[in-house]
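Novice: Following this message is one structure expressed as structure tokens.
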């Protein structure tokens, strides 16, 4: 039997990590609450379990070579529930001796000037950034202490097939002939990551020992403005797209009625200032390249069209 790789979470990042691992010839088991997930390659096993249950995690990962942490609670539950969830998965990796690869974001860096790199200073300026910084520190400390062998992969705001967040509000509506939603300023440069490239990074971190003990950014294209992002959608669809831009005040107002939106308001600094990421470290170390932006948008819109058909 091929080496067993276990992924906690069947969201977009978990799915794209699974696809790349299957391509690499690994045996893949995924764990989520329902035991169901769609659009996965043949042979991927999906098991229902609660990732907060340390004992169950240890039982399910006993034979794992690598464990990937791609699970997360609801956005509004991060502060309260996320650290315990990740700790329960880390404990399973420590017990099984499996490598641990954590899918992470960039919130812990806070607002920065210039181009963000993996070793840029951590300066969280939000609740969620503080939580993410503490969680990442716990993983790196466990690695330094020899309890686990771990690596962390991070990406900027991502879009692509299987994503219902950024893709759901900024691309999918255009496919349905509706107005797309942008945030903050449409003229500031912003690095967008493609979810397939993020999954490819995590699978690479799990299969390359030289990645351990380090933080890596998912290969991403050069920063573009949200206005240019909208133009990419238009070019692929072949017609103009209507846009709506939510500024900080509007987002705060909408947050009164929607707790998911309420949680985005503290992250608005990402969308009103330049947000440029340098992803050359992983590109040089592993020979990875970001999917060209036009191709990424084409693949995303194809998925959105398929998604629209299944909804109706």
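The values are calculated or read from the model by the stated rules, or taken from the named source; none is laboratory data. Source: prediction; values computed, not measured. Heads up, the Cβs are rebuilt from the backbone with ideal geometry, glycines too, and the neighbour counts pull from every protein chain shown.
Novice: Failed condition for residue 165, given (1) touching a residue at least 12 places away in the same chain (Cβ under 8 Å); (2) under 15 Å from the mean Cα position of the chain (by Cα), with all others met?
Specialist: Only one criterion is unmet by residue 165, namely (1).
Novice: Any chance you could count how many residues in region 111-170 are in a loop (DSSP other than H, G, I, E, B), on the phi < 0 side of the Ramachandran plot and surrounded by 20 or more Cβ atoms within 10 Å (Cβ to Cβ)? Walk me through how you get there before you give the answer.
Specialist: Step one: of region 111-170, the residues in a loop (DSSP other than H, G, I, E, B) are 111-114, 117-126, 145-148, 155-157, 160-165.
Checking which are on the phi < 0 side of the Ramachandran plot leaves us with 111-113, 117-126, 145, 147-148, 155-157, 161, 163-165.
Now restrict to residues that are surrounded by 20 or more Cβ atoms within 10 Å (Cβ to Cβ): 148, 155-157, 161, 163.
Looking only at that region, the number is 6.
Novice: Here is a follow-up. Based on what the data block shows, is residue 142 touching a strand residue (DSSP E or B) at 6+ places or on another chain (Cβ under 7 Å) and closer than 27 Å to residue 206 by Cα? Before the answer, list the steps.
Specialist: Numbers: touching a strand residue (DSSP E or B) at 6+ places or on another chain (Cβ under 7 Å): yes; closer than 27 Å to residue 206 by Cα: yes.
So residue 142 fits the description; yes.
Novice: Which ones in region 183-200 are in a loop (DSSP other than H, G, I, E, B), crowded, with 21+ Cβ neighbours inside 10 Å and more than 14 Å from the chain's Cα centre (by Cα)? Let's see the steps before the verdict.
Specialist: Taking region 183-200 as the starting set, the residues that turn out to be in a loop (DSSP other than H, G, I, E, B) are 184-189, 191-192.
With crowded, with 21+ Cβ neighbours inside 10 Å added as a condition, the list becomes 184, 191-192.
Once the filter is applied, which keeps residues that are in a loop (DSSP other than H, G, I, E, B), crowded, with 21+ Cβ neighbours inside 10 Å and more than 14 Å from the chain's Cα centre (by Cα), region 183-200 yields only 184.
Novice: Looking at residue 229 and the list (1) in a helix (DSSP H, G or I); (2) modelled with pLDDT of 95 or more; (3) more than 19 Å from residue 301 (Cβ to Cβ), which single condition is not satisfied?
Specialist: (3)
Novice: For residue 260, indicate whether it is within 20 Å of the chain's Cα centre (by Cα), in contact (Cβ under 8 Å) with a residue 40 or more places away in the chain and surrounded by fewer than 16 Cβ atoms within 10 Å (Cβ to Cβ). Steps first, answer last, please.
Specialist: Numbers: within 20 Å of the chain's Cα centre (by Cα): yes; in contact (Cβ under 8 Å) with a residue 40 or more places away in the chain: yes; surrounded by fewer than 16 Cβ atoms within 10 Å (Cβ to Cβ): yes.
Yes; evaluated as a whole, the condition is true for this residue.
Novice: Could you say which residue among 99, 56 is more than 26 Å from residue 127 (Cβ to Cβ) and buried (at least 18 other Cβ atoms within 10 Å of the Cβ)?
Specialist: On the way: 56 fails: buried (at least 18 other Cβ atoms within 10 Å of the Cβ).
Residue meeting the stated conditions: 99.
Yes/no per residue for (1) within 11 Å of residue 10 (Cβ to Cβ); (2) assigned to a loop (DSSP other than H, G, I, E, B); (3) touching a residue at least 24 places away in the same chain (Cβ under 8 Å):
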residue	(1), (2), (3)
35	yes, yes, no
41	no, yes, no
47	yes, no, no
50	no, yes, no
63	no, yes, yes
71	yes, yes, yes
82	no, no, yes
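Novice: With the condition kept exactly as written, say whether any residue in region 59-67 is under 21 Å from the mean Cα position of the chain (by Cα), buried (at least 24 other Cβ atoms within 10 Å of the Cβ) and modelled with pLDDT of 95 or more. Steps first, please.
Specialist: Taking region 59-67 and keeping what is under 21 Å from the mean Cα position of the chain (by Cα), we get 66-67.
Adding the requirement that they be buried (at least 24 other Cβ atoms within 10 Å of the Cβ) leaves 66-67.
Of the ones still in play, those that are also modelled with pLDDT of 95 or more are 66-67.
Yes: one or more hits.
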